[in-house]
Amino acid sequence: MGIISKRTPVLLLTGFGGQERALELAEPGTVVVHHDLSGLKEGLVVRSEATVRPDGTAEERVALLELAHGCVSCTLREDLLPLLRTLHRRASVRRIVVRLDPILEADAVRHAIEHVIVEMVGAVPGPAARDVEVTGTIGFVDGATWLDDALGEEDLGERFPVPDDDERTVAQLAVGHAQSADLVVVAGDSPDPARLRAVLRRLAPGAPIARERVPLHSLLPRMSASRPPLEPFGPLLPGCPPLDPDGDVRLIEFSARRPLHPGRFHEAIDVLLDGVVHARGRIWLAATPDDAFWLESAGAGLRVGAAGPWLAAGGDGSPERWAMASAAWDEAYGDRRTDLVVLAAGADPAQIAETLRWAELTPEEFAAGPDVWAGWHDPFGAMHADPCEDLTPGTEAEAEQKENR
């Protein structure tokens, strides 16, 4: 017998377009919430809230919010999260559909729902997840432009009115919209539909891919089980994506049991910026042998951030992390190793593998040991000098320690 949850289900809709179809999911007891962030730079946000009555008609309320700091996190913390808890308390509300503004990332919103403490009058302090649960994310993909966006280098501020300190790229958002989806809806015609589908199947494995002509309500039963966000020490290929190449689209796996030379690796990562949709993985740098680094790229933008200590250096870990590490534990260096996964769409796999292998220490360099490695120039050292925080991909923690290229 299954457990019946008393929490109100929440469905997230994300993408650069298509979320306006949210009302297709409206049925009696559904509330559709949308925060228009186009005025965020000026500290203004327009919130709309459409409630579907029992007779099928909708009542819409619009409110203008003024945020003192004019930031995305303020919008979530000060309005969306309390609103979700408030809607849960309405007996007439059976489901909440959150139509996300294009500059919001579904994984970051989900993380906020599950972990950010909300204090409200008449309610026990706690995250919104006390009252609601995210049951899935629908990602909308523009078939005509998505691949170009995912492979490009355009700054987000060139397309959307975002605060000056928002350094994200269009590629990062495009990749994130699809990667976080439990159901992908392709809107419009693609110049190369087979190539687009090959990329999406590897970026969001297990998520059904549907055309925009299909009614959304008929797609919900096909939606895959909601997947947790990627973590630095979790599996790098969750969901069993296709490993065979499909045209010029393929997943490339790279592993190294010797650390990477910081200088050579700094030069080598340029190979991940052309013809690559996405790359992610854990890095073992010779100059900082106790700390793991997390690499993540989208299109022509890449960042490397501190992920915390290796288990062999005293790091904490879940039973799952210990199980993964023990399968390839090295007697001298423990779980230290480099593992990367690269989703290429046009890049030369052999060149990527050869360039990354060039960054690995030679046997002679490896034999010199950590005392010698510590004296090498480390281009990542300035970043690492900041206070270390565990890095959760797709959250604001990335902004604390990163290198944008």
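Exposure check, 1.4 Å probe, all protein chains in place: residue 258 carries approximately 70 Å² of accessible surface. Counting charges near residue 376 (Lys, Arg +1; Asp, Glu -1) among other residues having Cβ under 13 Å from its Cβ returns a value of -2. Residue 117 contributes an accessible area of around 100 Å² to the protein surface, as traced by a 1.4 Å probe with all chains present. For the stretch 179-326, how big is the tail of P(r) above 28 Å, as a whole percent of Cα pairs? Roughly 31 percent, rounded to a whole number.
Projected onto their three principal axes, the Cα atoms of the stretch 122-177 cover extents of 47, 28, 14 Å, largest first.
Among 344, 58, 112, the largest mean-square fluctuation in a Gaussian network model of the chain (Cα springs under 10 Å) belongs to 58. Beta-bridge orientation, the chain: approximately 65 percent antiparallel, per DSSP, counting only bridges with both partners inside. Across 30, 51, the residue with the most accessible area heads the list, and the full order at a 1.4 Å probe is 51, 30. Taking label points 7 Å from Cα along the Cα-to-Cβ direction, residue 243 and residue 74 give a separation of 4.9 nm. Values of log10 I(q)/I(0) for the stretch 12-139 across q = 0.21 Å⁻¹ run -1.39, by the Debye formula with one identical scatterer at each alpha carbon and no solvent. Once C-alpha pairs closer than 8 Å and six or more residues apart are averaged by separation and normalised to the residue number of the stretch 197-344, the relative contact order reads 27 percent. Secondary-structure-derived ellipticity at 222 nm for the chain, considering helices only, amounts to -6000 deg cm²/dmol, per-run term -39500 (n - 2.57) for DSSP H runs with n ≥ 4. The largest accessible area among 214, 31 belongs to the first residue in 214, 31, and the rest follow in falling order (1.4 Å probe, all chains). Taking all protein chains as shown and a probe of 1.4 angstrom, residue 266 keeps an accessible surface of around 50 Å².
The values are calculated or read from the model by the stated rules, or taken from the named source; none is laboratory data. Not measured: the values here are computed from a predicted model. For neighbour counting, all protein chains shown are included, and Cβ atoms are generated from backbone atoms with ideal geometry for every residue, glycine included. Surface accessibility is based on the protein's heavy atoms, side chains included, excluding ligands, DNA and RNA. Shrake-Rupley method; radii C 1.70, N 1.55, O 1.52, S 1.80 Å.
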